[in-house]
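Below is one structure, written out as structure tokens; the observations come after it.
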Amino acid sequence: MPFVDLNSNLPSSAFSQDFVSKFASFTAAVLGKTDDRMNVMVKPGLPMMVAGSCSPCVMLSISAIGVTDTADKNKEHSAKIFDFLTRELSLTEDRIVLQFLSLQPHQVGKKGTVMSFL
């Protein structure tokens, strides 16, 4: 059950109407999950700075159980996600920063319990 949070100073008009569903499906495939497992939030129009510049940028955080827990996995995820974001949002790689967080099953709640018990 990955959590994907995309923060950007790009205006909401920079994100097509179907961007969220397209990005959710894409990240699901990258992470080896189904679309119904994804939790995606896109927050445009934020005051932001990346690498000392307020030029258009994206900060992306991916938190998940078991799929963001090694450098090798994250290197592979990163390459695919950078390709998608640079293509879809017309940003260069130096304007995008990714953060991978590894969650444990007891840190994710669902259906009145935590994933450890589901």
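The values are calculated or read from the model by the stated rules, or taken from the named source; none is laboratory data. Predicted model, so just to flag it, every value in this text is computed and none were measured. Methodologically, a virtual Cβ is constructed for each residue, glycine included, from the backbone with ideal geometry; neighbour enumeration extends over all protein chains shown.
Here are G52, G45: which of them is of a type outside the set (S, T, N, Q), within 20 Å of N7 (Cα to Cα) and without any contact (Cβ under 8 Å) to a residue 24 or more places away in the chain?
Exactly one residue qualifies, and that residue is G52.
Output the number of the condition that E93 fails; it satisfies all remaining conditions of (1) without any contact (Cβ under 8 Å) to a residue 12 or more places away in the chain; (2) in contact with a Lys or Arg (Cβ under 8 Å, 6 or more places away or on another chain).
(2)
Please find, among S53, S21, S8, S16, the residue that is modelled with pLDDT under 95 and small (G, A, S).
When all the criteria are applied, what remains is S16.
All but one of (1) touching a strand residue (DSSP E or B) at 6+ places or on another chain (Cβ under 7 Å); (2) modelled with pLDDT under 95 hold for K110; which doesn't?
Unmet condition: (1).
Within segment 1-116, which strands (runs of 3 or more DSSP E) (wholly inside it) include 2 or more residues that are of a type in the set (S, T, N, Q) and surrounded by 12 or more Cβ atoms within 10 Å (Cβ to Cβ)?
3-8, 58-65, 96-103
Any idea how many residues of segment 58-88 are within 19 Å of S8 (Cβ to Cβ) and small (G, A, S)?
The qualifying residues number 3.
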